[in-house]
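Working notes, beginning with the structure itself.
The values are calculated or read from the model by the stated rules, or taken from the named source; none is laboratory data. Note that the structure is predicted; figures quoted are calculated from it, not measured. Virtual Cβ from ideal backbone geometry, glycine too; neighbours counted across all protein chains shown. These area figures cover heavy atoms from the full protein model, side chains too; ligands, DNA and RNA do not enter into them. Shrake-Rupley method; radii C 1.70, N 1.55, O 1.52, S 1.80 Å.
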Amino acid sequence: MVTTHNLGFPRIGAKRELKFALESYWKGLSSRDELKALGAQLRRRHWENQQGLDVVPVGDFAFYDQVLDMSFTLGNLPERVQGFHGDALDNYFRVARGRSAQAAEEHGACCGGVAAGEMTKWFDTNYHYIVPEFTASTGFTLDPSRLVTQLTEARSAGVNAKPVIIGPVTYLWLGKAKDDSGRLALLPKLLPVYGALLDTFAAQGVEWVQIDEPALVSELDPAWQQAFVTAYETLETRRVKLLLATYFGQLQDNLALACSLPVDGLHIDAINARDEVAKAAQALPADRVLSVGAINGRNIWKTDLDAALEWLEPLAKMLGDRLWIAPSCSLLHVPVDLASEQKLDAEIRSWLAFALQKLDELKVLASALNQGRASVAAELSANAAAIESRRTSPRVHNPAVKAAAAKIDAALGRRASVYGQRAPKQSAILNLPAYPTTTIGSFPQTAEIRHARSEHKRGALDHAGYQAAMRKEIERSVREQEALGLDVLAHGEAERNDMVEYFGEQLDGYTFSQLGWVQSYGSRCVKPPILFGDISRPKAMTVEWITYAQSLTAKPMKGMLTGPVTILNWSFVRDDQPRSVSCHQLALAIRDEVLDLEKAGVRVIQIDEAALREGLPLRRAQWNDYLQWAVESFRITANGVRDETQIHTHMCYSEFNGIIASIADMDADVITIETSRSDMELLDAFDNFKYPNEIGPGVYDIHSPNIPSQEHIVQLMKKAAERIPAERLWVNPDCGLKTRQWEEVIPALTNMVAAAKTLRG
């Protein structure tokens, strides 16, 4: 009999209950006990949602981040948070966001906040994790209380629990050394703690433990490959069974290594590594389980169940009880329940599957494999009809869009002149001081903005009333920026619900869910648009708002757009054509908007590509192909303008060292990036690469409520000036300000402007 299991479940709740509970707790509006009770309630509900599976994950729930959870389980706390008052949860949030709840900090030594942990993307997803920090003296001390508590809860709920932990090699691989030491040197100190954790599970009566090692799908040098051998040979004497889970890519040269490790089962992502399933089935010893990720855990399209069964049935016949099936990865990356969607177009809705529906698909596959296809004939027939409907729908295919994309040539992506010729022309028009100041675009989404948007959506506020409300908020943003003394202004994006959703709502080929929320980090959730068909722009999307904002000030006003690569990477993308084709279609649509902004007199246009780096394949051998079409798509979007129009782009929370040449090839006049959390470490990329254009290294960490001092900003910019000529440096936050409050933003930007004036002196 085939065994069904899940690698992880979305933790935010179907109605974002965790988000609201966290934010209430941080503001001091609810207690620690109330937050913990809500967490326990969500865990119980999610285990109920997974009823019918043979094995259910436990430990996949986190109040902020699963990697941060693992750091606390291993006792790896940064020195800067040790010794403060409060309990472990207070320190947990201090590492995550710089401070705990308001009430917990009011009278403590750390009420000014501490530096939050560095945050970066989880492999090639839009989820952000808190980076583990290491030094040569780092020690590890086991604290299994979180996992033991959740195991006890699961047992009381009748769950056949499988604890989920991050494996020791991937944990080290994900972290950063804060000195000159090597991470792998810590492995001998780390493994005994993992051994003690597995012993704790055994004492709790656990049979299986899922140990996630997604680093195996990346390129590993011999030292890291040997670390896997060392780690699992050391843990071989455990008294529990280990299911080693890989996902997000192919094992390739690590396949033989993964199959040879002394574990009891191996999980392979069959969405990305279908060809490796049969190889693993042949290579694994006869007493090992092979878990196959047969359902896409990262996208929302229905699985073609008939097609899946075509290759699963021979595998089941070969492996028998040794075959487990699951989603390809944790369902953290998809919304919870399609049944909540009452307004979604019925035809498109029939093509989709959210987390709960994916588990239903899994159960249908298991029934077909265990009892035969006839046992689920009705379900298979309905699925086949939905797959065929999507394949043949005229709503998906637009011949005119395909024809326009087919005409793309290299000339479309070239500026008329090189940067050295453009820069003086732009300088003459903009007349900016040294170290010019700006923001990344968005300003706080106030209660007034959210109320007006809500009232407009439910029909209580007409279009004219909504327009007036948004203009009022835009004017506030402009006046605040003028008062602060910023040099290049942004309109604040009051009218935008999300930097991708806003554009998707106005592009043909997109549709939207009501409650399709996915966690990005902490309490931050996004609702990715659903890219189901060929993309086109029926009319201008931003020109009216930007020109209104420009009419309020004599200072330069940036036109704010989201770039094609980011719109693509932050959407649920159609899987029936190459991603490059969809990206080129988006590039043509956003190019039209850029040209309309220029015609309207906008002299600075920012095209955000926050997600360029996260779309990078996990293996360097595949980078060139992605970067070729991704950079080309940006250039198509940006490079139809005159020399005098200054093009900005923005990227956040990514490591740039390996792709800095491609970023330069984008040929944006100004690029802004995140560097505050990493203390300018990301500028290491510029040590050996002479970046040709202008750059704004973010100096204000907007993901923390902490307010940077003027002195701190000056210090960061001086570090930047060691790598980038001062005449090409800008001063700006590291990301948009929509998630912050005005009472935080004003003093932070005041210090930022003062720092720029100090630097000019």
Residues in region 46-55: is at least one among the small types (Gly, Ala, Ser) and open to solvent by less than 40 Å² (accessible area, probe 1.4 Å)? no
For residues that are in a strand (DSSP E or B) and among the hydrophobic types (A, V, I, L, M, F, W, C), scanning just region 493-545, find the one that is nearest to residue 587 (Cα to Cα). 535
Would you be able to say whether some residue in region 430-451 is within 18 Å of residue 490 (Cα to Cα) and loosely packed, with under 15 Cβ neighbours inside 10 Å? yes
Return yes or no: is residue 699 farther than 22 Å from residue 131 by Cβ and β-branched (Val, Ile, Thr)? no
Tell me which helices (runs of 4 or more DSSP H) are completely within region 650-761 and hold 1 or more residues being modelled with pLDDT of 90 or more and under 30 Å from residue 102 (Cα atoms), or say none if there are none. 710-721, 742-760
Report yes if some residue within region 456-471 is touching a residue at least 40 places away in the same chain (Cβ under 8 Å) and either assigned by the TED database to the domain that holds residue 609 or buried (at least 16 other Cβ atoms within 10 Å of the Cβ) (or both); otherwise report no. yes
Scan of region 541-580 for residues that are open to solvent by less than 10 Å² (accessible area, probe 1.4 Å), among the charged types (D, E, K, R) and closer than 21 Å to residue 298 by Cβ, ordered by number: 574
Among the numbered conditions (1) out of contact with any helix residue (DSSP H, G or I) (no Cβ under 7 Å at 6 or more places or on another chain); (2) buried (at least 22 other Cβ atoms within 10 Å of the Cβ), tell me where residue 327 comes up short. (1)
Reported set for region 370-417 where residues are among the acidic types (Asp, Glu) and loosely packed, with under 14 Cβ neighbours inside 10 Å is 388, 409
Cβ contacts < 9 Å: first residue of a type in the set (Asp, Glu), restricted to region 153-165; second residue open to solvent by 20 Å² or more (accessible area, probe 1.4 Å) and in a helix (DSSP H, G or I), any location; separation 6+ or different chain. Result? 153/43; 153/44
Quick one: residue 99 ticks every box in (1) open to solvent by less than 10 Å² (accessible area, probe 1.4 Å); (2) basic (Lys, Arg); (3) assigned to a loop (DSSP other than H, G, I, E, B) bar one, so which box is it? (1)
Kindly indicate whether any position in region 136-159 is assigned to a strand (DSSP E or B) and either within 28 Å of the chain's Cα centre (by Cα) or within 25 Å of residue 226 (Cβ to Cβ) (or both). no
Among (1) at pLDDT 95 or above; (2) in contact with a strand residue (DSSP E or B) (Cβ under 6 Å, 6 or more places away or on another chain); (3) open to solvent by 10 Å² or more (accessible area, probe 1.4 Å) - the single one residue 521 does not satisfy: (1)
Among what's in region 524-540 and is touching an Asp or Glu at 6+ places or on another chain (Cβ under 7 Å) and modelled with pLDDT under 95, pick the residue that is least open to solvent (accessible area, probe 1.4 Å). 529
Give just the number: which of (1) part of a helix (DSSP H, G or I); (2) touching a Lys or Arg at 6+ places or on another chain (Cβ under 7 Å); (3) closer than 22 Å to residue 696 by Cβ does residue 480 not satisfy? (2)
Pair list, Cβ < 8 Å and 6+ apart or interchain, from region 593-604 residues that are more than 10 Å from residue 557 (Cβ to Cβ) to residues that are open to solvent by 40 Å² or more (accessible area, probe 1.4 Å): 593/537; 593/540; 596/540; 598/642; 600/547
Residues being closer than 24 Å to residue 326 by Cβ and in contact with a strand residue (DSSP E or B) (Cβ under 9 Å, 6 or more places away or on another chain): count how many of those fall in region 341-378. 12
Give 66, 41 a once-over and let me know the one that is assigned by the TED database to the domain that holds residue 158, closer than 16 Å to residue 18 by Cβ, among the polar types (S, T, N, Q) and crowded, with 22+ Cβ neighbours inside 10 Å. 66
Quick count over region 589-613, residues being open to solvent by less than 10 Å² (accessible area, probe 1.4 Å) and in a helix (DSSP H, G or I), is 5
Just wondering, is there one or more residues in region 476-499 that are assigned by the TED database to the domain that holds residue 756, under 18 Å from residue 565 (Cα atoms) and either touching a residue at least 60 places away in the same chain (Cβ under 8 Å) or open to solvent by 10 Å² or more (accessible area, probe 1.4 Å) (or both)? yes
